[in-house]
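Novice: Sharing a structure here in structure tokens format.
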Amino acid sequence: MSYPDFFNSIETIKVKDPLSGLLGAFDKGEYEFCYLDVVKSAGHSCPTVAGAYLVTKEALKALYKDELALRGEIKVEFKEALEDGVAGVISNVISQITGATDVSGFKGLAGKFARHSLMDFNSKIDSSARFTRVDSGKCVDVYYNPSSIAPDAKMQELMQKMMSGQAEPQEIKEFGELWQDRVKRIFENTSSVVRVVEV
């Protein structure tokens, strides 16, 4: 399997999932997600997928400090409707990492470990997403704006050629490299594109 080298340099997100520990999937229920995990689930790497990963990572750091985030004990809210824009793409990435889902999620065991109804849309917030610890009620708003990380000027021309079927194989390859270069630069400039505010 071949993929951009920078995927391996991105900080992982460590979690503790009591359900997985109980069911013997991971010792003590502790495991981690890497960017490659969410790229494989999403089927691609882009500023939206990168943003969802970064928003989650920074929110969990703010909520749990030096503790491991408790997967399945985190509520997530979005101001958009599920069907709006890229809300579905973002929510899928966040759901994978936090375990939070809407009504479609895991119903639990004997009244414990439920994952459903932990993700809401059309919430009255101004941020990209709001993350709340179920145990303490502590919450943070996270804002993501990658507009300061501009794409390479050549990408538009290459995109037009690809969409019209006129691009050469080398041009298609170059477009992909330039696309991933922007994703890389977004990760390299996390403090410029992500802002976390305690609510």
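The values are calculated or read from the model by the stated rules, or taken from the named source; none is laboratory data. From a predicted model like this one, the values you see are computed outputs, not experimental measurements. Here Cβ is always computed from backbone atoms with ideal geometry, including for glycine, and neighbour counts include all displayed protein chains. The area values use the complete protein model at the heavy-atom level, side chains included, leaving out ligands, DNA and RNA. Shrake-Rupley method; radii C 1.70, N 1.55, O 1.52, S 1.80 Å.
Novice: In the set Ser128, Ser147, Ser91, which member is surrounded by 17 or more Cβ atoms within 10 Å (Cβ to Cβ), farther than 26 Å from Gly29 by Cα and either of a type in the set (S, T, N, Q) or modelled with pLDDT under 95 (or both)?
Specialist: Ser128
Novice: Can you name every residue in the stretch 4-58 that is among the small types (Gly, Ala, Ser), closer than 14 Å to Gly72 by Cβ and surrounded by 20 or more Cβ atoms within 10 Å (Cβ to Cβ)?
Specialist: Once the filter is applied, which keeps residues that are among the small types (Gly, Ala, Ser), closer than 14 Å to Gly72 by Cβ and surrounded by 20 or more Cβ atoms within 10 Å (Cβ to Cβ), the stretch 4-58 yields Ser20, Gly29.
Novice: Tell me which residues, restricted to the stretch 59-70, are of a type outside the set (A, V, I, L, M) and open to solvent by 40 Å² or more (accessible area, probe 1.4 Å).
Specialist: Correct list: Lys61, Lys65, Asp66, Glu67.
Novice: Sticking with this structure for a sec: Is one or more of the residues making up the stretch 84-99 more than 20 Å from Gln180 (Cβ to Cβ), free of Cβ contacts under 8 Å to residues at least 60 places away in the same chain and in a loop (DSSP other than H, G, I, E, B)?
Specialist: The answer is yes, given that some residue of the stretch 84-99 is more than 20 Å from Gln180 (Cβ to Cβ), free of Cβ contacts under 8 Å to residues at least 60 places away in the same chain and in a loop (DSSP other than H, G, I, E, B).
Novice: Restricting attention to the stretch 8-51, report how many residues are among the aromatic types (Phe, Trp, Tyr) and either closer than 25 Å to Gly85 by Cβ or within 13 Å of the chain's Cα centre (by Cα) (or both).
Specialist: So the count comes out to 2.
Novice: So which residues in the stretch 18-65 are among the aliphatic types (A, V, I, L, M) and not in a helix (DSSP H, G or I)?
Specialist: Result: Leu23, Ala25.
Novice: Is it the case, given these coordinates, that Gly165 is over 26 Å from Asn8 (Cα atoms) and surrounded by 15 or more Cβ atoms within 10 Å (Cβ to Cβ)?
Specialist: no
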